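Shown next, in structure tokens, is the structure this report addresses.
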Amino acid sequence: MTHLYLGTFISMKTACSCLRKRSQKKTICLSILSKYENQITIFTDYLEEFPDTDELVWILGKQHLLKTEKSKLLSDISARLWFTYRRKFSPIGGTGPSSDAGWGCMLRCGQMMLAQALICRHLGRDWNWEKQKEQPKEYQRILQCFLDRKDCCYSIHQMAQMGVGEGKSIGEWFGPNTVAQVLKKLALFDEWNSLAVYVSMDNTVVIEDIKKMCCILPLSADIATENPSGSPNASNHSKGTSACCPAWKPLLLIVPLRLGINQINPVYVDAFKECFKMPQSLGALGGKPNNAYYFIGFLGDELIFLDPHTTQTFVDTEENGTVDDQTFHCLQPPQRMNILNLDPSVALEILKENLRMFELVQKHPSHWPPFVPPAKPEVTTTGAEFIDSTEQLEEFELEEDFEILNV
């Protein structure tokens, strides 16, 4: 069965959205995934050429008129970072696989979703990529976070090894829940991007819990009782943030949901498409059985997606410290599939009132265990170096289902 994830990137205090987690373990984040993948399947119903139509195309919160803005549309799509299977990288864990072909598509979709969040954070949604044009230094730094090296924060190496703490062997196919938990934990070591990653649970998004994750108390507030006359410059968490005001981490909101039993109920189609119109939308992870895709928009009742099932050779940084990014952008017309062909496990960020599929509450439910914001374990190294060996994963608790998390 296929799983879908919807991910949303929300800056500062903006937060909210949620999903339903059912016992079948099906899920979604503003990015869409597939749960079982042991082989690569080509489906004939994936159409590539855009039709001649007056309809609007929506891509991650932006609309394009297909008939008059086709080149602009294709440019917008090709600007998204495209992560695919790779081969000939250093063996994971020193003795593990040197290619993720056949098992890493869910990880690659998760990378694409997160990369889009980082692009929005540092460059903005309107930023565009042009082939062989010098890019901002922030772009190069984002790209280097995902290179297939053990010292890159969100590399296939780090995600695979962090998955060991989620009960997954290196080289084993990941489900969407595992990817969500892995990204959440890896983000704790990413000080540059400083993201708060929240995965909604039990069909509920809790504003109080999100605030606990996103709020950064000024340093002066933490030491006020010890040093009442402390310097007003004690907090350096955010430019322009005074010692008495909290700063806010950007929020990556992942919302799991199921929209049917064996297939998507058509009543949810319009509501599902609404998520791609959100300015904060990061798309969705999911697809069809045995395949994971990154869905970024729609045309009519067809979803537009980036496909990770292409095996390319490992790319490393060059002598000047930059990365040749030509293989990290899809320059071909994107593929499409009918929305009704998706697995019913999906997540939505904004829903119509008559089709509410999740609950948004202000306070943490009293019958739930206490919410404890995830925190980085006490270690002597930071970032990707932390998980240089799987022995260091023991401090993370195993979370196989969507439950209240304690990292």
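The values are calculated or read from the model by the stated rules, or taken from the named source; none is laboratory data. Just so we're clear, the structure is a prediction, and the values are computed from it rather than from any experiment. Quick reminder, even Gly has a Cβ in these numbers, built from the backbone with ideal geometry, and neighbours come from all protein chains shown. Accessible surface is based on the protein model in full, side chains and every heavy atom, while ligands, DNA and RNA are left aside. Shrake-Rupley method; radii C 1.70, N 1.55, O 1.52, S 1.80 Å.
Pull up region 118-128, narrow it to residues that are in a helix (DSSP H, G or I) and closer than 16 Å to residue 78 by Cα, then point me to the one that is most open to solvent (accessible area, probe 1.4 Å). Top of the filtered list is 120.
Selection of region 292-319 for residues being out of contact with any Cys (no Cβ under 7 Å at 6 or more places or on another chain), touching a residue at least 60 places away in the same chain (Cβ under 8 Å) and more than 20 Å from residue 51 (Cβ to Cβ) yields 310, 311, 312, 313, 314, 315, 316, 317. Any chance region 297-318 includes a residue that's in a loop (DSSP other than H, G, I, E, B), open to solvent by less than 70 Å² (accessible area, probe 1.4 Å) and either of a type in the set (A, V, I, L, M) or at pLDDT below 85 (or both)? There is at least one residue in region 297-318 that is in a loop (DSSP other than H, G, I, E, B), open to solvent by less than 70 Å² (accessible area, probe 1.4 Å) and either of a type in the set (A, V, I, L, M) or at pLDDT below 85 (or both). So is residue 272 modelled with pLDDT of 90 or more, outside any loop (DSSP other than H, G, I, E, B) and either open to solvent by less than 10 Å² (accessible area, probe 1.4 Å) or farther than 28 Å from residue 211 by Cα (or both) or not? Taking the combined requirement at face value, the residue does not satisfy it.
Within region 63-81, being open to solvent by 30 Å² or more (accessible area, probe 1.4 Å) and either under 29 Å from residue 104 (Cα atoms) or of a type in the set (Val, Ile, Thr) (or both) holds for 68, 74, 75.
Any residue in region 144-155 that is in contact (Cβ under 8 Å) with a residue 40 or more places away in the chain, in contact with a Gly (Cβ under 6 Å, 6 or more places away or on another chain) and not in a strand (DSSP E or B)?
Yes - at least one qualifying residue is present in region 144-155.
Annotation note: of 142, 92, the sole residue that is surrounded by 18 or more Cβ atoms within 10 Å (Cβ to Cβ), more than 15 Å from the chain's Cα centre (by Cα) and among the aliphatic types (A, V, I, L, M) is 92. Among the residues of region 63-81, those identified as without any contact (Cβ under 8 Å) to a residue 12 or more places away in the chain and either closer than 21 Å to residue 133 by Cβ or of a type in the set (Lys, Arg) (or both) are 69, 71, 72.
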